[in-house]
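> For reference, the structure I am asking about is given below.
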Amino acid sequence: GTLAPAAAAACMLAWAAGTAGKQPPRSGRRCAAMRASGATLSGGSASVAGRNPATCWPPGKPRFTTEYSEPYDLADPKGSFERVGKRLMAELVDELPDLYELPGKEVNWVAKSLEYNAIGGKMNRGLIVVEMGVHLLEGQGKVPTNHDLHRFAVLGWAVELLQACMLMADDMMDGSVTRRGHPCWFRLPEVGLLNTNDFLMIEMFVYKTLKRHFGQEPYFSWLVDLFLETTFQTECGQLLDSMCANCKLEELTTDRWTLIVKYKTAFYSFYLPVAAAMLVTGMQDPAAFDTAREVLLMMGVYFQAQDDYLDAFANPEELGKVGTDIQDKKCSWLFAHAFHQKGTEESRRILTQYYGQCEAGSEEEARIKQLYRDLGLPELYAEYEAGTMAKLQGYRQQVEDVGLPWSTFERFFELIYKRKK
């Protein structure tokens, strides 16, 4: 029979997960998806492990990294994580000349793009992978080895690379000016539309990182599936966000806002780092993933409400970027509440006249920000923030009941609670 599409995809992922130089398994073995479905590849049996003959060209592919020998110091979490990041970026760039025939100019360009876009952020997402992995192993009665710590850090950098490519695309679509206190990459005179290829390359570095460091692990296909699913969820959220430009103001409701931020932000920024650590430490209980997802999506929605608030009221120098939500007609937490929940006939008239019709820094934008204050939105936001903290505390028992470390969830929230940038 013909292999069902889902089973075929799973088999292809399992095939890529094979070890370098490993002998093909007996022909009677099948990937789990084939065994579960009873399907076989057309024409008979197929090996699903070892080097992929379709992609192991030129000689030397695939390259696997199994160990970093230098000590990983948990007493210096950011410093250790950054050192792994620099080592990883060098690996990604170093294989471009011989495995992809890129000349020196293009290799240098890729190195510059990685340095500019993937390095220099707060790294909270990546650091949480390490922290979660450590706590999960300790909960299993294990002491994390230096090997474990480096693997968690590499996985954290895969999340950071995904974050980088998403921001590069988002900045270009939104016409943003600055990111992390510097001009957005696409704003550099020599970059422009090259940004499109650059963010696509960084997205592919996510999967090259996973293959190089986890491609020989039995959970590799699940790990890739998690990143693929999360990427598509984020792209759905990006579509919901971008389509606001074609919406009437009446359509920019709090329900639409919640849907946007759940998919655009919460899955990749909050659920992905924790779920990835859970997979590589051997967790398979669906209830644990369901509980983690419920709590982390709630955190992610709060994080975006916070981001929307800071876009309007934070100091651009402290925030590291110029807020453009009003200029770009975003379905933001502030606008949705101002127009629908707290709006008056006069406030809606002002919003209809100026929202999405003015430039950042203009008098019209300042008038809308003052309108937000007059409607009591800073006070409403403070109530929402306190309520979110209280709701989070109510999840503690549920989290611990499925074998997850509450301290990591609490730590994750502490990193963003009442942040200023």
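The values are calculated or read from the model by the stated rules, or taken from the named source; none is laboratory data. Here the structure is a predicted model, which means the values were calculated and not measured. Note: ideal-geometry Cβ built from the backbone for every residue, glycine included; neighbour counts use all protein chains shown. When the accessible area is computed, the model is the full protein with side chains, heavy atoms only, and any ligands, DNA or RNA have been set aside. Shrake-Rupley method; radii C 1.70, N 1.55, O 1.52, S 1.80 Å.
> Under 7 Å by Cβ, and 6 or more places apart or on different chains, what pairs join a residue from the stretch 379-397 that is touching a residue at least 60 places away in the same chain (Cβ under 8 Å) and farther than 14 Å from GLY300 by Cβ with one that is part of a helix (DSSP H, G or I) and open to solvent by 40 Å² or more (accessible area, probe 1.4 Å)?
Note: pairs meeting the criteria are TYR381/TYR309.
> Let me ask you something else. LEU162 fails exactly one of the following numbered conditions: (1) under 22 Å from ASP94 (Cα atoms); (2) open to solvent by 40 Å² or more (accessible area, probe 1.4 Å). What is the number of that condition?
(2)
> Checking the condition within 17 Å of the chain's Cα centre (by Cα), in a helix (DSSP H, G or I) and crowded, with 23+ Cβ neighbours inside 10 Å, which residue from LEU272, LEU297, LEU334 passes?
Working: LEU297 fails: crowded, with 23+ Cβ neighbours inside 10 Å; LEU334 fails: within 17 Å of the chain's Cα centre (by Cα).
Within the list LEU272, LEU297, LEU334, the selection yields LEU272.
> Take the stretch 188-207 and flag every residue that is open to solvent by 60 Å² or more (accessible area, probe 1.4 Å) and either modelled with pLDDT under 95 or closer than 14 Å to PHE227 by Cβ (or both).
MET204
> Looking at the stretch 243-271, which of its residues are aliphatic (A, V, I, L, M) and either touching a residue at least 60 places away in the same chain (Cβ under 8 Å) or within 21 Å of LYS418 (Cα to Cα) (or both)?
Of the residues in the stretch 243-271, the ones aliphatic (A, V, I, L, M) are 243, 245, 249, 252, 259-261, 266.
If the condition is that a residue be aliphatic (A, V, I, L, M) and either touching a residue at least 60 places away in the same chain (Cβ under 8 Å) or within 21 Å of LYS418 (Cα to Cα) (or both), then ALA245, LEU249, LEU252, ILE260, VAL261, ALA266 are the ones that fit.
> On to the next question. Given the conditions (1) farther than 30 Å from PRO405 by Cα; (2) open to solvent by 40 Å² or more (accessible area, probe 1.4 Å); (3) in contact (Cβ under 8 Å) with a residue 60 or more places away in the chain, report the number of the one that TRP185 does not fulfil.
(2)
> Next question. I need a count of the residues in the stretch 241-269 that are outside any helix (DSSP H, G or I), over 17 Å from THR324 (Cα atoms) and not charged (D, E, K, R). Can you show your working first?
Filtering the stretch 241-269 down to residues outside any helix (DSSP H, G or I) leaves 247-248, 252-253.
Now narrow it down to the ones that are over 17 Å from THR324 (Cα atoms): 247-248, 253.
Next, from what is left, pick out any that are not charged (D, E, K, R): 247, 253.
Count: 2.
> Has the stretch 151-159 got any residue that is open to solvent by 20 Å² or more (accessible area, probe 1.4 Å) and at pLDDT 95 or above? Give the steps one after another, and end with the answer.
From the stretch 151-159, those open to solvent by 20 Å² or more (accessible area, probe 1.4 Å) are 151; that's our starting set.
With the extra rule that they be at pLDDT 95 or above, the set shrinks to 151.
Within the stretch 151-159 (the criterion being open to solvent by 20 Å² or more (accessible area, probe 1.4 Å) and at pLDDT 95 or above), the answer is yes, since at least one residue qualifies.
> Those residues that are open to solvent by less than 80 Å² (accessible area, probe 1.4 Å) and part of a helix (DSSP H, G or I), I need them from the stretch 401-421; list them, please. Even if it seems obvious, please write down each step before you answer.
Of the stretch 401-421, the ones open to solvent by less than 80 Å² (accessible area, probe 1.4 Å) are 402-410, 412-413, 415-417, 419.
Residues satisfying the conditions are TRP406, SER407, THR408, PHE409, GLU410, PHE412, PHE413, LEU415, ILE416.
> In this structure, is GLY141 at positive phi and either in a helix (DSSP H, G or I) or more than 18 Å from the chain's Cα centre (by Cα) (or both)?
Working: at positive phi: yes; either in a helix (DSSP H, G or I) or more than 18 Å from the chain's Cα centre (by Cα) (or both): yes.
It is true that GLY141 is at positive phi and either in a helix (DSSP H, G or I) or more than 18 Å from the chain's Cα centre (by Cα) (or both).
> If you go through the stretch 272-284 one residue at a time, do you hit one that is more than 25 Å from GLY215 (Cα to Cα) and touching a residue at least 60 places away in the same chain (Cβ under 8 Å)? Walk me through how you get there before you give the answer.
Of the stretch 272-284, the ones more than 25 Å from GLY215 (Cα to Cα) are none.
No; the residues of the stretch 272-284 include none that is more than 25 Å from GLY215 (Cα to Cα) and touching a residue at least 60 places away in the same chain (Cβ under 8 Å).
> Among the residues of the stretch 324-339, count how many are without any contact (Cβ under 8 Å) to a residue 40 or more places away in the chain and more than 20 Å from GLY175 (Cα to Cα). Lay out the reasoning, then the answer.
Of all residues in the stretch 324-339, those without any contact (Cβ under 8 Å) to a residue 40 or more places away in the chain come to 325, 327, 338.
Filter again for more than 20 Å from GLY175 (Cα to Cα), leaving 338.
Adding up the residues that qualify gives 1.
> Here is a list: GLU364, GLU383. Which entry is closer than 26 Å to PHE267 by Cα and open to solvent by 10 Å² or more (accessible area, probe 1.4 Å)?
On the way: GLU364 fails: closer than 26 Å to PHE267 by Cα.
When all the criteria are applied, what remains is GLU383.
Residue-by-condition table, conditions (1) farther than 30 Å from PHE409 by Cα; (2) among the aliphatic types (A, V, I, L, M); (3) open to solvent by less than 10 Å² (accessible area, probe 1.4 Å); (4) modelled with pLDDT of 95 or more:
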site: PHE81; (1), (2), (3), (4): no, no, yes, yes
site: VAL84; (1), (2), (3), (4): no, yes, yes, yes
site: ARG87; (1), (2), (3), (4): no, no, no, yes
site: GLU91; (1), (2), (3), (4): yes, no, no, yes
site: PRO97; (1), (2), (3), (4): yes, no, no, yes
site: LYS105; (1), (2), (3), (4): yes, no, no, yes
site: ASN108; (1), (2), (3), (4): yes, no, no, yes
site: GLY120; (1), (2), (3), (4): no, no, no, no
site: LEU127; (1), (2), (3), (4): no, yes, no, yes
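> Further, regarding this structure: Of the residues that make up the stretch 235-251, is at least one among the hydroxyl-bearing types (Ser, Thr, Tyr) and at pLDDT 95 or above?
Initially, the stretch 235-251 is screened for residues among the hydroxyl-bearing types (Ser, Thr, Tyr), giving 242.
When the remaining residues are screened for being at pLDDT 95 or above, the result is none.
No: zero hits.
> Does the stretch 305-323 contain any residue that is of a type in the set (S, T, N, Q), in contact with a helix residue (DSSP H, G or I) (Cβ under 6 Å, 6 or more places away or on another chain) and in contact (Cβ under 8 Å) with a residue 12 or more places away in the chain? Don't jump to the end; show me each part of the working.
So the first thing to find is which residues in the stretch 305-323 are of a type in the set (S, T, N, Q), and the list is 306, 315.
Narrowing further to those that are in contact with a helix residue (DSSP H, G or I) (Cβ under 6 Å, 6 or more places away or on another chain): none.
No - not one qualifying residue is present in the stretch 305-323.
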